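The values are calculated or read from the model by the stated rules, or taken from the named source; none is laboratory data. Nothing here was measured: the structure is a model prediction, and the numbers come from that model. So basically every Cβ, Gly included, is an ideal-geometry build from the backbone, and we count neighbours across all protein chains shown.
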Amino acid sequence: MNGHAIEAHGLVKDFGGFRAVDGIDLAVPAGSIFGVLGPNGAGKTTTLRMLLGIIDPDAGHRTLLGEARPLKVARQVGYLPEERGLYPGMQAREAIAFMGALRGLPLKEGRARADQMLEAHGLGAARRKPIRTLSKGMAQTVQLLGTLVHRPRLIVLDEPFSGLDALNQERLEAVIRAQAADGVTILFSTHVIAHAERLCQRVAIIAGGRVRFEGGVEEARARLKPEVRLATRA
Ligand code: ATP
């Protein structure tokens, strides 16, 4: 790896006759917190899915942790998709262990780590509670912890803050900061620039399937036109 956890060049994706992603270049420095900003429909989710190898680009190429075939590094990657979803009848600790098992972590180890993580994030009492009995914010935190339980080197979070109240947003920010302090690379998408400002070193602003800006978060804010800023408020 050459200092970048993710590199993408000229990614393109068409859906029928519609070009959702129109030639995206990205370089995410290893160990950084990187924000992909843009309004709804900008092409963020489609870009993330191409980076992770969930869908193939129609043109362009990318590397994930230095590897051109994303599946080869799947066990070193964590992904929180835009669609949330945990089995409602599963206990919180089982849900986390189950997600770890999907990335190769033995269930027993997953349960032990789940207990530690829930405790560390103030959710110790929820360990054996079924998901359906948790608040939305708690369930989302459980899903995030399941994304991290196998100790990935890179995590990709699609709109992780959406639908969360302030308390749960803070909890999620704390989880992200703790991961970054451990050297994990984090890429997350958001349409709210304030989230990027609090967490990111670098951002890319995507609109209409293209990168309109990539650079430091201060410069990004200065460049955003007032009308875009309004549209990207919480
Ligand atoms: P949002 O936050 O609303 O999900 P986004 O920036 O993540 O926005 P995408 O989900 O990547 O945007 O969608 C980009 C465009 O591609 C949108 O116009 C969307 O309707 C379209 N699109 C995405 N997936 C498909 C699909 N499977 N088939 C057809 N069109 C799609």
Suppose we filter Arg49, Arg62 for residues that are within 16 Å of the ligand (Cβ to nearest atom), crowded, with 20+ Cβ neighbours inside 10 Å and free of Cβ contacts under 8 Å to residues at least 24 places away in the same chain; which single one remains? Arg49
Mind checking which residues of region 38-64 are in contact with a His (Cβ under 9 Å, 6 or more places away or on another chain) and either at pLDDT below 95 or not basic (Lys, Arg) (or both)? Gly38, Pro39, Asn40, Ala42, Gly60, His61, Thr63
In this structure, is Gly35 within 25 Å of Ala220 (Cβ to Cβ) and modelled with pLDDT under 95? no
I'd like to check which helices (runs of 4 or more DSSP H) are fully inside region 18-129 and have at least 2 residues that are within 22 Å of His191 (Cα to Cα) and in contact with a strand residue (DSSP E or B) (Cβ under 7 Å, 6 or more places away or on another chain). 44-52
Specify which of the listed residues (Arg84, Arg93) is touching a residue at least 40 places away in the same chain (Cβ under 8 Å), surrounded by 14 or more Cβ atoms within 10 Å (Cβ to Cβ) and of a type in the set (Lys, Arg). Arg84
Test Ala8 against the criterion of being over 18 Å from Phe161 (Cα atoms), among the small types (Gly, Ala, Ser), within 12 Å of the ligand (Cβ to nearest atom) and part of a strand (DSSP E or B), and give yes or no. no
Given the structure, is Ala222 surrounded by fewer than 14 Cβ atoms within 10 Å (Cβ to Cβ), small (Gly, Ala, Ser) and at pLDDT below 90? yes
